[in-house]
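What follows is calculated from the coordinates using simple rules that are stated; it is not laboratory data. Quick caveat: nothing in here was measured; it's all calculated off a predicted structure. Note: ideal-geometry Cβ built from the backbone for every residue, glycine included; neighbour counts use all protein chains shown.
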Amino acid sequence: MARVSNHTTSGYEKQDVSAWKVGLVGFASLLLLVLAIVVINQIFSLTRLSLYYETVLRPESKALREQRSREEEMLNSYGVIDVKAGIYRIPIVRAMKLLADEAYHAERK
């Protein structure tokens, strides 16, 4: 047998939602969103500065300075590579000038 309800309500809301509560929830959500954006921005800035320091501003090591000094010396000095084969090292500036002159004269012919 079907149960019959003695209620006189018709199954829908008889009152509106409280505007204050909706406004308060909306304001709290907006405030939380702004706070999250600020926190994420700060984390990003700190991470970026830390990475910049590690890659750019970090003092170079003694070994790296010595390596660069050796490379600089090799690029800017004369030397013997192989006497039997007749291979010699000349400064890079001189080598570039010789190649440029050689290309210029080859083009003019």
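So between R58 and A28, what do we pick up on full extension, going 0.36 nm a residue minus the alpha carbon distance? Show your work: numbers first, answer last.
Working: separation 30, 0.36 × 30 = 10.80 nm, distance 4.32 nm.
The span from R58 to A28 would gain 6.5 nm if fully extended.
The GluC sites (Glu not before Pro) of the stretch 11-77 that DSSP puts in a loop, and whose beta carbon has at most 12 other beta carbons within 10 Å, are E13, E60. For the stretch 31-101, chymotrypsin sites (Phe, Trp or Tyr not before Pro) meeting the loop criterion (DSSP other than H, G, I, E, B) and having at most 10 other Cβ atoms within 10 Å: Y78.
Here's how it looks for R89: its modeled amide H is under 5 Å from those of G79, V80, I81, which are all 5 or more places away or on a different chain.
Helix 19-52 axis versus longest C-alpha principal axis of the chain: approximately 10°, rounded to the nearest ten.
Looking at the square roots a ≥ b ≥ c of the eigenvalues of the Cα gyration tensor of the stretch 62-109, which shape do they give, rounded for a/c under 1.5, prolate if a/b is larger than b/c, or oblate?
On the way: a/c = 4.69, a/b = 1.77, b/c = 2.65.
Verdict is oblate for the stretch 62-109.
Counting other C-beta atoms within 10 Å, and keeping those with at most 12, which DSSP coil trypsin sites (Lys or Arg not before Pro) do you find in the stretch 42-97? Counting only loop positions with at most 12 other Cβ atoms within 10 Å, the trypsin sites (Lys or Arg not before Pro) in the stretch 42-97 are K84.
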